[in-house]
Amino acid sequence: MNRLKTALKPRIHKWRTNFYLLRKNKLTFLSLLFIILLVVVAIFAPLLAPHPEHIMEMTNPSEKLLPPSGEYWFGTDELGRDIFSRILYGTRISLLASLAAVGLAMLIGIPLGALAGYKGGWIDNVIMRICDIFLSFPSLLLAIVIAAFAGPSLKNALIAIAISWWPWYARIVRGQAISLKERQFVRASRAIGNTQGKIIFQHIVPNCMAPVIVQASLDFGSIILTLASLSFLGLGAQAPTPEWGLMINTSKTYFLNAWWYSVFPGIAIFLAVLAFNLIGDGLREIMDPRTRNR
Amino acid sequence: MEDYIEIKDLKISFKSYDGQKRVVDIDELKIAKGEAYGLVGESGSGKSVLALSLLKLLTEPPAVIESGSIRIGNLNILPKSEREMENIRGKKIAMIFQDPMSTLNPVFTVGQQIIKVIAKNQNLKGKQARQKALEMIELVKLPDAEQIMEKYPHELSGGQRQRVIIAIALACGAEFLIADEPTRNLDVTIQAGILKLLAELQKTLKVTVLFIANNLSLVSLTCRRIGLLYHGQIVEQGEVREILDHPVHPYTKTLLQPLPQTEEEKEAVRRSLSVQENADQGCPYQFRCPRAEEICKKEMPPVHQIGENHEVHCHFLEEGESAR
């Protein structure tokens with residue numbers, strides 16, 4: 001037990017310093033709290049939602065398009081469903097889908113980027129030119145094209161997003177890998193007989209993670225936004241899924257009479273994107289020692 | 001004693017914009033099993049290139065191995081493929097690099113890195129590997145092994161890091177260790193500690209060591225035999241005491257000289273430093289040698305055996321030296 005304590009002591013100290021740095025940056029800390037709140041909401045949505053039965057297909061014509069009230073905090077939609085409950089469930093969908101999209105993009109981009117950077121030569125050229133092709137399209141447009149081809153569904157939308165996003169990770173990791181492969185510990189690792197694959201995954205990839213994590217947290221916001229856009233255009237989640245973009249899409253017909261129907265999902269998207277962008281910026285500052293002490 | 005390492009006729013060049021430059025040109029270099037051999041030369045004399053070529057770690061191109069053979073144990077190194085080399089590196093030959101500050105991976109703890117090497121090379125897992133790692137840290141005389149295991153490289157001092165690196169190199173279980181200026185960037189007291197450690201480990205573990213340094217006094221502590229490298233060629237080699245007491249080659253004498261005192265000596269140093277040419281023919285040292293004559297520009301100096309264990313590549317032997 002004592003041993004464990006001495007072993008853990010430096011770690012705890014490090015967590016404390018990192019936490020302290022986080023606290024010093026108020027905006028980052030606030031957005032971190034908000035993101036934690038989002039995660040809690042996403043996990044416990046069924047318990048928190050006042051009307052969980054309003055999530056999927058159901059009609060309640062007598063209570064359609066009611067303005068916000070004590071019973072329905074954010075009002076009701078055209079079928080009489082509680083918008084607040086649907087937004088809570090929407091958190092779950094947005095977070096999970098974005099996580100999957102970012103994860104998938106990283107899964108494609110990081111190994112390809114590390115391979116390109118470490119190997120160099122024609123392999124590098126081929127991978128990077130493919131990246132260029134993907135990056136030459138605006139990412140939303142590319143995602144729309146892919147989603148349109150694959151058929152509209154939430155799963156296809158997030159695959160489309162991952163496909164249009166991976167070149168960013170490949171580029172970041174490639175840049176890092178090029179500088180890392182000349183470092184002494186990579187040579188030392190070769191000198192004790194590690195294979196190329198091992199070097200890429202044990203030395204190159206872990207050392208690239210700091211900028212990748214920052215980029216991922218910044219991207220998380222944009223991906224939530226892109227996902228909502230795809231759903232808004234009818235290429236993502238399909239009714240009756242309580243997806244934020246989809247809710248705004250259906251609400252546009254009723255916008256003049258029922259402002260709450262579009263405004264509250266819009267605020268949800270706005271806050272989530274803002275929080276992820278702020279935390280990305282904050283993380284970048286924390287991970288870069290030069291900006292740390294400001 | 002049986003020769004463990006045998007380098008013959010090894011010629012390595014680098015391609016550059018103005019043609020190929022020869023950086024290593026060794027006729028013969030033999031190291032016996034369990035011996036510590038010191039290779040001394042100034043920067044740019046080809047020490048590190050030679051070390052990397054033993055592991056086949058040179059990037060080709062720009063490096064070109066023109067000819068020669070390297071035998072380590074019963075392995076013929078040069079024709080081996082990259083995949084075969086991956087099995088030889090670490091298991092048979094390990095290397096300690098120049099700069100202890102950057103040889104460890106900054107994102108893993110020291111323990112994780114040692115355990116990884118042990119797991120790879122000795123097929124140990126979990127607790128056993130950890131136990132072995134602790135033993136290795138204790139072997140290199142670092143106190144508080146448990147604590148060191150949990151530390152990241154940046155939390156250790158240069159000397160501690162170099163000890164960890166030595167531990168990793170030994171954890172491979174290699175029988176041949178290349179130490180490429182292991183005490184560079186360390187201050188003098190720490191240097192002494194590391195050298196003492198290396199000498200002790202070499203004796204207790206009976207590994208063969210190729211010790212590379214730019215300073216004769218460093219190798220004299222650890223090695224029994226030394227060779228002096230100039231422009232990729234061995235100009236003098238023999239037992240360390242013998243060479244320190246009776247240096248023959250002018251280059252060796254320069255390296256052993258104390259700081260220049262008189263104007264004359266300073267001028268000689270200045271003159272020798274202004275010349276950086278590569279000799280096309282003749283003695284490689286001809287441009288800097290204080291006693292160079294016509295013959296040095298034309299002919300490769302012959303190998304003179306002085307005594308049993310001392311050879312020198314020079315046209316001139318001082319009076320009585322060949323007789324000794």
Among the residues of region B:78-101, is there at least one that is part of a strand (DSSP E or B) and either more than 10 Å from every other protein chain (Cβ to nearest Cβ) or among the polar types (S, T, N, Q) (or both)? no
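Table: residues versus (1) out of contact with any His (no Cβ under 9 Å at 6 or more places or on another chain); (2) surrounded by fewer than 18 Cβ atoms within 10 Å (Cβ to Cβ); (3) of a type in the set (S, T, Y).
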position: A:G70; (1), (2), (3): yes, yes, no
position: A:T76; (1), (2), (3): no, no, yes
position: A:R81; (1), (2), (3): no, no, no
position: A:L99; (1), (2), (3): yes, yes, no
position: A:G103; (1), (2), (3): yes, yes, no
position: A:A157; (1), (2), (3): yes, no, no
Would you say B:I148 is in a helix (DSSP H, G or I), at pLDDT 85 or above and either within 14 Å of another protein chain (Cβ to nearest Cβ) or under 19 Å from B:I5 (Cβ atoms) (or both)? no
Are any of the residues in region B:49-61 more than 13 Å from chain A (Cβ to nearest Cβ) and at pLDDT 80 or above? yes
List the residue pairs whose Cβ atoms are under 7 Å apart, where the first residue sits in region B:163-187 and is within 11 Å of chain A (Cβ to nearest Cβ), the second is hydroxyl-bearing (S, T, Y) and surrounded by fewer than 24 Cβ atoms within 10 Å (Cβ to Cβ), and the two are 6 or more positions apart or on different chains. B:D180/B:S48
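Consider B:K15 carefully, then state whether it is out of contact with any Ser or Thr (no Cβ under 9 Å at 6 or more places or on another chain), assigned to a strand (DSSP E or B), among the basic types (K, R) and surrounded by 15 or more Cβ atoms within 10 Å (Cβ to Cβ). Write out each step before concluding.
Numbers: out of contact with any Ser or Thr (no Cβ under 9 Å at 6 or more places or on another chain): yes; assigned to a strand (DSSP E or B): yes; among the basic types (K, R): yes; surrounded by 15 or more Cβ atoms within 10 Å (Cβ to Cβ): no.
Considered against the rule, which asks whether it is out of contact with any Ser or Thr (no Cβ under 9 Å at 6 or more places or on another chain), assigned to a strand (DSSP E or B), among the basic types (K, R) and surrounded by 15 or more Cβ atoms within 10 Å (Cβ to Cβ), B:K15 comes out as no.
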Residues being at pLDDT 80 or above, buried (at least 16 other Cβ atoms within 10 Å of the Cβ) and over 19 Å from B:C172 (Cβ atoms): count how many of those fall in region B:79-106. 1
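For region B:54-100, enumerate the residues that are among the small types (G, A, S) and closer than 18 Å to A:F185 by Cα. Walk me through how you get there before you give the answer.
First pass over region B:54-100, keeping only residues among the small types (G, A, S): B:63, B:67-69, B:73, B:81, B:90, B:94.
Listed by number, the residues that qualify are B:G90, B:A94.
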Before we move on, is B:K8 surrounded by fewer than 17 Cβ atoms within 10 Å (Cβ to Cβ), over 13 Å from the mean Cα position of the chain (by Cα), more than 25 Å from A:E182 (Cα to Cα) and of a type in the set (D, E, K, R)? yes
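Those residues that are under 27 Å from the mean Cα position of the chain (by Cα) and without any contact (Cβ under 8 Å) to a residue 40 or more places away in the chain, I need them from region B:80-114; list them, please. Outline the logic, then answer.
Taking region B:80-114 and keeping what is under 27 Å from the mean Cα position of the chain (by Cα), we get B:80-106, B:110, B:113-114.
Once the filter is applied, which keeps residues that are under 27 Å from the mean Cα position of the chain (by Cα) and without any contact (Cβ under 8 Å) to a residue 40 or more places away in the chain, region B:80-114 yields B:K80, B:S81, B:E82, B:R83, B:E84, B:M85, B:E86, B:N87, B:I88, B:R89, B:S102.
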Quick test of your reading of the structure: B:L124 fulfils all but one of (1) within 11 Å of another protein chain (Cβ to nearest Cβ); (2) in contact with a helix residue (DSSP H, G or I) (Cβ under 6 Å, 6 or more places away or on another chain). Name the failing condition by number. (1)
Unmet requirement for A:D124, which otherwise passes all of (1) more than 19 Å from A:P211 (Cβ to Cβ); (2) surrounded by fewer than 20 Cβ atoms within 10 Å (Cβ to Cβ); (3) of a type outside the set (A, V, I, L, M): (1)
Candidates B:S69, B:S45, filtered to the one that is crowded, with 18+ Cβ neighbours inside 10 Å, touching a residue at least 12 places away in the same chain (Cβ under 8 Å) and more than 11 Å from chain A (Cβ to nearest Cβ): B:S45
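The values are calculated or read from the model by the stated rules, or taken from the named source; none is laboratory data. Since the structure is predicted, the reported quantities are computational estimates derived from the model, not experimental observations. Methodologically, a virtual Cβ is constructed for each residue, glycine included, from the backbone with ideal geometry; neighbour enumeration extends over all protein chains shown.
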